[in-house]
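One structure is given below, encoded as structure tokens.
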Amino acid sequence: MALTNDHTVKAFDEDLNRLRGLISEMGGRAEQALLQAMAALSKGDQELAAQVVRDDKKIDALEAEVEQLAVQTIALRAPMADDLREMIAALKIVSVVERIGDYAKNIAKRVALMDQTRSIEAIPVLMSMSSLVIELVHDALDSFAARDAELAIRVTVRDKNVDDFYNSIFRTLVTFMMENPKLISESAHLLFVAKNLERMGDHATNIAEMVYYVVTGERMEERERGEQPEDGAAEQEQG
Amino acid sequence: MTQDDLHIADPKMRAQGVNVFYGEKQAINDVSIDVGTDLVTAFIGPSGCGKSTFLRSLNRMNDTVASARVTGRIELDGEDIYAPSMDVVQLRARVGMVFQKPNPFPKSIYDNVAYGSRIHGLAATKADLDVIVERALTRAGLWDEVKDRLGESGTALSGGQQQRLCIARAIAVDPEVILMDEPCSALDPIATAKIEELIHDLRGKYAIVIVTHNMQQAARVSQRTAFFHLGTLVEYGKTTDIFTNPKQERTKDYITGRYG
């Protein structure tokens with residue numbers, strides 16, 4: 001975490017550093033929530049899943065705290081230039097991180113709903129997909145902490161691999177459902193899990209785009225998006 | 001941001017390679033800038049950066065300082081204002097100035113506003129002068145507050161009213177450019193807001209240049225901002241760009257409060 005300590009008004013530095021600390025903590029909790037939700041899913045661990053759902057409240061509370069501090073700082077310190085960009089980015093980033101936490105919670109909730117007889121082999125692929133998503137979320141937040149525009153760009157580039165995972169899992173699960181209608185319920189749940197992961201990858205990209213804006217003052221060029229996810233929903237969700 | 005975006009077609013005033021010296025000391029170093037009628041230009045920078053010195057060179061107010069010397073070229077409508085043929089009194093009628101502290105004459109409100117028109121012979125009759133005074137006070141947003149007491153002394157007004165009286169006095173002679181040197185630094189927030197609203201109204205009628213220490217004010221009233229530091233023009237750009245994404249490190253350090 002790069003500390004700032006070069007403002008003439010030292011209390012301003014303290015506000016900025018506290019803000020960065022809170023965002024860092026929030027990001028760490030969101031990463032952990034996803035890690036635990038996927039662990040609970042793969043082991044059918046109900047207790048761990050319930051804990052993810054409970055812990056999400058802390059992420060929500062952190063979001064409220066960051067929002068309050070950012071609004072207060074804008075009101076009292078009238079930040080300019082890169083400081084102003086950081087405030088705006090902080091507000092946007094925490095709402096994105098909060099969404100990532102919600103997706104992790106949603107995955108955790110499905111653990112209880114799913115049939116525990118493990119009849120589908122798709123889970124190893126989901127685990128690989130989730131590892132990549134955790135990596136992207138982690139790198140996106142690291143790029144914010146380190147003011148690293150290059151790292152931010154690499155996050156957006158790698159998001160394409162998440163989309164590829166999703167397309168592959170989508171096809172696999174649809175095939176399962178067609179072959180064996182008994183698997184439809186469970187496959188549908190896993191499809192939602194994959195969709196949640198795909199959305200988290202997009203959110204990591206959103207964070208990276210905000211970081212790029214904070215560091216350079218420019219909007220990131222529209223990246224090569226590759227093919228859209230094949231369920232046809234991506235177009236409208238990207239908005 | 002390209003140069004084309006910043007180009008001012010048909011600038012009212014144009015400074016090119018301007019240097020200002022006080023004796024041996026150089027206060028302004030090679031400053032070039034265009035000022036247009038449609039855009040309010042703000043000069044910002046730390047104390048002693050030369051922004052006021054430069055502002056004063058735009059209507060030759062520095063002539064009153066014995067040791068001051070100006071080189072380079074400053075044009076008003078393409079005419080060199082430092083040319084020997086330039087009538088300085090006429091120049092200052094065309095390029096008016098409003099100072100940090102309101103400085104009304106110890107005369108009536110009416111006479112304060114009428115003063116310039118009288119010495120420049122702009123009004124043939126008392127009725128003409130009445131029209132000029134009313135119009136100037138109206139434009140300065142002061143008419144309704146003083147119309148029933150035009151005979152009272154200008155110094156009896158509040159600080160904010162005095163400053164608007166000085167602006168009325170400046171615009172009564174129908175100038176082309178108004179230079180404002182920290183016009184609100186001695187005023188309360190309400191009076192400041194009225195002056196800012198006035199600047200907004202006057203934009204387009206006169207070319208306006210404002211020097212301010214209050215960066216929020218520069219951001220509020222101007223469309224172009226010039227950042228001065230140590231006698232040089234460090235960065236000139238659209239106000240929105242200067243305050244959200246300055247290109248120069250020194251500009252950024254100053255506007256974000258990291259200077260020094």
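Values for this structure:
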item: Residue list for segment B:33-75, filter: charged (D, E, K, R) and outside any helix (DSSP H, G or I); result: B:Asp34, B:Asp38, B:Arg60, B:Arg69, B:Arg73, B:Glu75
item: Number of the condition not met by B:Ile199 [criteria: (1) part of a helix (DSSP H, G or I); (2) surrounded by 19 or more Cβ atoms within 10 Å (Cβ to Cβ); (3) out of contact with any helix residue (DSSP H, G or I) (no Cβ under 6 Å at 6 or more places or on another chain); (4) more than 14 Å from chain A (Cβ to nearest Cβ)]; result: (3)
item: Filtered residue count, segment A:76-113, keeping only those that are more than 14 Å from chain B (Cβ to nearest Cβ), surrounded by fewer than 21 Cβ atoms within 10 Å (Cβ to Cβ) and either more than 18 Å from the chain's Cα centre (by Cα) or over 13 Å from A:Arg199 (Cα atoms) (or both); result: 7
item: Subset of segment B:112-156 [in contact (Cβ under 8 Å) with a residue 40 or more places away in the chain, of a type outside the set (Gly, Ala, Ser) and part of a helix (DSSP H, G or I)]; result: B:Asn112, B:Val113, B:Tyr115, B:His120, B:Ile132, B:Arg139, B:Thr155
item: Evaluation of B:Gly204 against (1) surrounded by fewer than 17 Cβ atoms within 10 Å (Cβ to Cβ); (2) within 11 Å of chain A (Cβ to nearest Cβ); (3) not acidic (Asp, Glu) (one fails), failing number; result: (2)
item: Matching residues in segment B:221-257 - criterion: being surrounded by fewer than 18 Cβ atoms within 10 Å (Cβ to Cβ) and either more than 21 Å from B:Asp10 (Cβ to Cβ) or within 14 Å of chain A (Cβ to nearest Cβ) (or both); result: B:Leu230, B:Thr232, B:Lys238, B:Thr240, B:Thr244, B:Lys247, B:Gln248, B:Glu249, B:Arg250
item: All positions within segment A:13-39 that are among the small types (Gly, Ala, Ser) and either surrounded by fewer than 22 Cβ atoms within 10 Å (Cβ to Cβ) or over 18 Å from the mean Cα position of the chain (by Cα) (or both); result: A:Gly21, A:Ser24, A:Gly28, A:Ala39
item: Residue tally, condition away from chain A (no Cβ under 11 Å) and assigned to a helix (DSSP H, G or I), over segment B:208-220; result: 2
item: Those residues of segment B:221-260 which are in contact with a Phe, Trp or Tyr (Cβ under 7 Å, 6 or more places away or on another chain) and in a loop (DSSP other than H, G, I, E, B), in sequence order; result: B:Gly257
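No lab work stands behind these numbers, since they all come straight from the coordinates. Everything quoted here is computed from the prediction, not taken from an experiment. Quick reminder, even Gly has a Cβ in these numbers, built from the backbone with ideal geometry, and neighbours come from all protein chains shown.
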